[in-house]
Every structure is written in structure tokens, then in C-alpha cells.
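What follows is a short report on a single structure.
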Amino acid sequence: MGRLELRTKVMASSYDEAMTVQGTINKTAILLLLTMFTATWCWRLAHGVGLAAVMPWLTIGTIGGLIVAVITMFKSNWAGVTAPLYALLEGLVLGGLSAIFEARYSGIAFQAVFLTFGTLGVMLFAFKTGIIKVTDKFRAGIVAATGAIFLVYMASFVLGIFGVQIPQIFGSGIIGIGFSVVVVIIAALSLVMDFDMIQNAAYNRQPKYMEWYGAFALMVTLIWLYIEIIRLLVKLKDER
């Protein structure tokens, strides 16, 4: 009887320490609050002192966020520390970028926030109802498209160092707007990939720290989606 009780306790302890979808949702909410905290601080700094004051913080957030993201991807068991740090750093980026674009077009930041969370809700509904199913072909397509977008951005960055600009796709013309629409669609579909990863990880009873990693992955996609949406809105307004 003693052995049975011990075995039951071990199994219960193992269950408690396993990742859950609800736990990932809770962690995502925490990361969103942390992002909103530093984003709001940076936003107020821009409106109180001036846009020049946010530029150093924007740089710190961009470089720091990239470093922390890479660390998290290779050390997922550190996500309990690195994911909140990533959220704080990216909040500086979002707050700074939002303030810069808001200075050009009043209300654009709030439109981007609304569209981002609206897209999140639509994609979650599509995933839960099975309208969009994550198959091997779907994964391969999204990974390939995301990789292609990354290569375009990296090529643009490297060429920019030498004063060379990739024409049209980053402009406000038809091609530039079309490119941004495609990128927004890929970013939105990437949310479905995140939902599927979180669901499968929870089903397979991954370690508890994977809740933080799942929340981190979702935040990376949400931040990417927000940035692409606000860039698309800017292009549409410039076109007018």
C-alpha cells in the first residue's frame, strides 16, 4: 500500500510539473503586460521629452531583444528568465516605433494594436475550429516563406550599409504595399503554427518551463505582426 501511495504521489507531482495550455496562456498574459509597461514608458518619454529621447532606448531594445531571443531559442529551459526580459526589451522597440509613426499619422498606433489583436482572435478561431489545419505542407510553406522574408530583410540591411537600397518593395507604391500585405499574411499564419506547437507540447507533457517558451514564441510572432501591420498602414497612408 505504501508503494502504491508513493507511486501515486510521484505521478501527481509529474503531472503538476508538466506544461499546460492554460499555463502558457497565463505566461503570455504576463509577457504582454511587461511589453505594455516598457512600451507605455517609451511612448510617454517620446511625447514628454521628444522623439530624440527614445532613439537610444529603441536601439537598446532592438539589439538586446535580438540577443535574448537567440539565447532563448537555443536555451529553452532559460525561458522563465529570458522571456520576460525579451518582453521588456521589445516593449522599448514597440513604444519607440509607435511614437515615431504616431508623430506622422495620428491614431495609427492604436489602429495597429486593434488590427494585431483582431488578427490574433481570428487566427485562434480558425485554428480551434479546424478551418486552418497545420499539416506538414503548411509548416513547410510557412517556414520557407518566413525564411525568404528574413533573407530579403537581411539583404536590405547589408546593402543599406553600402548605400544600396532594394527598390520598390519598401516603398509606398503598389509593389511595396503588396509586399507588406504578403508579409502580414505570413506573420498571421505563423500564429497558427505557434498555437499548434503549444497544443502539441502540452499534449506530449513537455516540462513546465516550456510554458514560458511557448509564450515567448507567441510573443515573437505578435510583435512581428504588429510591426508589419503598422508599416503597412504607413505605406497605405503615404500612398494617399
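The values are calculated or read from the model by the stated rules, or taken from the named source; none is laboratory data. Values in this document were obtained by computation on a predicted structure and should not be read as measured data. Here Cβ is always computed from backbone atoms with ideal geometry, including for glycine, and neighbour counts include all displayed protein chains. What goes into the accessible areas is simple: the full protein's heavy atoms, side chains included, and nothing from ligands, DNA or RNA. Shrake-Rupley method; radii C 1.70, N 1.55, O 1.52, S 1.80 Å.
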Matching residues in the stretch 103-135 - criterion: being surrounded by 19 or more Cβ atoms within 10 Å (Cβ to Cβ) and without any contact (Cβ under 8 Å) to a residue 12 or more places away in the chain: none
The lone exception for Met73 - which of (1) open to solvent by less than 70 Å² (accessible area, probe 1.4 Å); (2) within 23 Å of Ala215 (Cα to Cα) it fails: (1)
Based on this model, can you work out whether Ser156 counts as without any contact (Cβ under 8 Å) to a residue 60 or more places away in the chain and open to solvent by less than 60 Å² (accessible area, probe 1.4 Å)? yes
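Please verify whether Ala148 is more than 21 Å from Leu233 (Cα to Cα) and either buried (at least 17 other Cβ atoms within 10 Å of the Cβ) or in contact (Cβ under 8 Å) with a residue 24 or more places away in the chain (or both), treating the condition exactly as stated. Steps first, answer last, please.
Details: more than 21 Å from Leu233 (Cα to Cα): yes; either buried (at least 17 other Cβ atoms within 10 Å of the Cβ) or in contact (Cβ under 8 Å) with a residue 24 or more places away in the chain (or both): no.
No; evaluated as a whole, the condition is false for this residue.
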Please go through the stretch 177-193 and pick out each residue that is closer than 15 Å to Ala215 by Cβ and either open to solvent by 20 Å² or more (accessible area, probe 1.4 Å) or at pLDDT below 95 (or both). Met193
Say whether the condition of being under 24 Å from Tyr86 (Cα atoms), free of Cβ contacts under 8 Å to residues at least 24 places away in the same chain, over 12 Å from the mean Cα position of the chain (by Cα) and assigned to a helix (DSSP H, G or I) is met by at least one residue in the stretch 186-199. yes
Just to be sure I understand the filter: pairs with C-beta atoms under 7 Å, separated by 6 or more residues or on different chains, first member in the stretch 18-40 and more than 18 Å from Val93 (Cα to Cα), second member assigned to a helix (DSSP H, G or I) and polar (S, T, N, Q). Which pairs pass? Val21/Gln199
Just need a number here: residues in the stretch 164-174 that are open to solvent by 40 Å² or more (accessible area, probe 1.4 Å) and farther than 21 Å from Trp224 by Cβ. 5
Look through the stretch 125-162, keep the residues that are in contact with a helix residue (DSSP H, G or I) (Cβ under 8 Å, 6 or more places away or on another chain) and among the β-branched types (Val, Ile, Thr), and return whichever of them is farthest from Val21 (Cα to Cα). Ile149
From (1) farther than 30 Å from Val21 by Cβ; (2) touching a residue at least 60 places away in the same chain (Cβ under 8 Å), pick out the condition that doesn't hold for Ala99. (2)
